[in-house]
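K.L.:
I'd like to ask some things about the structure below.
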Amino acid sequence: MRLGLDTFGGDFAPDSTILGAIDARKELLKDISIVLIGDENVSREKIRSQGENPNDFEFIHTTERIEMGEHPAKAFKSKPESSIGLGFRYLKTGELDSFASAGNSGAMMVGSMFTIQAIPGVIRPSVTSAIPCPEGSMNILLDVGINADCKPDVLYQFGILGSIYAKEVFSIENPKVGLLSMGEEEEKGTMQIQAAHQLMKDSRDFNFFGNVEGRDLFSGDVDVIVTDGFTGNVMLKEAEAFYSMIKKRGINDEFFNRLNYEIYGGTPVLGVNGNVIIGHGISSARAIKNMIVHSLDVSNAQLVGKIKNAFQ
């Protein structure tokens with residue numbers, strides 16, 4: 001297994017990415033290769049400075065990077081030798097089993113859509129977030145940012161994608177899928193939500209629970225919550241802000257500590273022909289380490305093949 005990492009990705013790269021890779025190397029089995037994509041000389045020097053052996057890693061050298069503020073499509077096209085461009089090239093040829101970056105998320109989506117492309121039948125790929133519930137379970141929220149406005153058939157497909165992800169990566173048997181609305185009754189919500197409910201309520205593709213509300217994000221009543229990317233992103237950022245407020249007030253609580261994004265590191269792009277993991281731009285070394293580990297989980301789950309089967 002060869003896990004690719006963009007060492008230029010993130011606000012604190014390459015320090016955060018290299019340190020995270022070193023920590024991941026200590027945790028993963030030796031037959032799992034971590035491939036660092038970026039300036040090889042800088043990476044080797046940083047690894048040595050930590051008392052570690054650069055030969056424990058593989059390298060794909062480039063000095064070209066896509067900056068966080070660049071236009072995603074223009075930058076991806078004009079910088080084919082960038083760390084993100086090379087990551088997708090090697091992922092497409094099968095020389096990498098996964099590619100992870102905390103860099104320009106727009107460029108990561110451009111690479112996903114135009115290099116490895118969407119799985120046939122998938123209208124729009126989705127990005128998820130795993131939200132912890134107090135009793136220990138997880139709630140998979142999707143979409144959380146790349147599809148701001150979704151038609152009912154897209155929301156229906158999110159139910160399929162989220163259900164597969166919950167089952168194969170988080171080992172949730174027969175996940176319960178809820179549709180986010182402003183009330184539990186099927187006639188509640190926007191016209192799109194009402195139409196999506198009609199599509200989902202008799203579904204044989206997933207276990208539809210019914211409408212859920214914002215308070216159900218932490219309830220544990222469902223395992224997957226489907227919504228558009230605008231609403232999902234607002235909910236995710238609200239959870240992150242709540243965690244930050246708790247920490248600033250000096251409160252240490254086992255459950256609230258699980259809201260820390262660093263624990264989960266990154267999230268896969270569901271519905272494309274490859275294992276692509278996107279991390280938070282402010283990722284620390286801890287977050288990068290967990291993003292690499294999650295890359296392995298996603299690869300081992302063979303999500304791409306199982307999603308392909310579901311959409312045949």
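The values are calculated or read from the model by the stated rules, or taken from the named source; none is laboratory data. Small disclaimer: the values here were computed from a predicted structure and weren't measured. Cβ placement follows ideal geometry from the backbone for every residue including glycine, while neighbour counts extend to all protein chains displayed. Areas reflect the complete protein model, heavy atoms only, side chains present, ligands, DNA and RNA absent. Shrake-Rupley method; radii C 1.70, N 1.55, O 1.52, S 1.80 Å.
K.L.:
Here are Asn309, Asn290: which of them is more than 13 Å from the chain's Cα centre (by Cα) and modelled with pLDDT of 90 or more?
P.N.:
Asn309
K.L.:
Moving to a separate point now. Can you tell me which residue among Gly214, Gly229 is among the small types (Gly, Ala, Ser) and over 28 Å from Asn104 (Cα atoms)?
P.N.:
Result of the check over Gly214, Gly229: Gly214.
K.L.:
A further question follows. Say whether the condition of being closer than 24 Å to Glu262 by Cβ, of a type outside the set (A, V, I, L, M, F, W, C), in a loop (DSSP other than H, G, I, E, B) and open to solvent by less than 70 Å² (accessible area, probe 1.4 Å) is met by at least one residue in the stretch 13-24.
P.N.:
Yes - at least one qualifying residue is present in the stretch 13-24.
K.L.:
Also, quick follow-up: Exactly one of these conditions fails for Gly220: (1) farther than 20 Å from Gly178 by Cβ; (2) open to solvent by 10 Å² or more (accessible area, probe 1.4 Å). Give me its number.
P.N.:
Only one criterion in (1) farther than 20 Å from Gly178 by Cβ; (2) open to solvent by 10 Å² or more (accessible area, probe 1.4 Å) is unmet by Gly220, namely (1).
K.L.:
Still on this structure, I have one more. Within the stretch 182-217, take every residue that is open to solvent by 70 Å² or more (accessible area, probe 1.4 Å) and in contact with a strand residue (DSSP E or B) (Cβ under 9 Å, 6 or more places away or on another chain) and give me the one that is modelled with the lowest pLDDT.
P.N.:
If we take residues in the stretch 182-217 being open to solvent by 70 Å² or more (accessible area, probe 1.4 Å) and in contact with a strand residue (DSSP E or B) (Cβ under 9 Å, 6 or more places away or on another chain), then Glu186 is modelled with the lowest pLDDT.
K.L.:
Considering each of Phe12, Phe8, Phe76, Phe59 in turn, give the residue that is out of contact with any Lys or Arg (no Cβ under 6 Å at 6 or more places or on another chain) and modelled with pLDDT of 95 or more.
P.N.:
Exactly one residue qualifies, and that residue is Phe59.
K.L.:
Working only within the stretch 1-12, note down all residues that are buried (at least 24 other Cβ atoms within 10 Å of the Cβ) and on the phi < 0 side of the Ramachandran plot.
P.N.:
Leu3, Gly4, Leu5, Asp6, Thr7, Phe8, Gly9
K.L.:
Shifting gears a bit: Filtering the stretch 77-105 down to residues that are within 23 Å of Gly265 (Cβ to Cβ) and hydroxyl-bearing (Ser, Thr, Tyr), which residue is farthest from the chain's Cα centre (by Cα)?
P.N.:
By that ranking, first place goes to Ser82.
K.L.:
Go through the stretch 25-49 residue by residue and tally those that are under 15 Å from Pro14 (Cβ atoms) and loosely packed, with under 11 Cβ neighbours inside 10 Å.
P.N.:
Total satisfying the criteria: 1.
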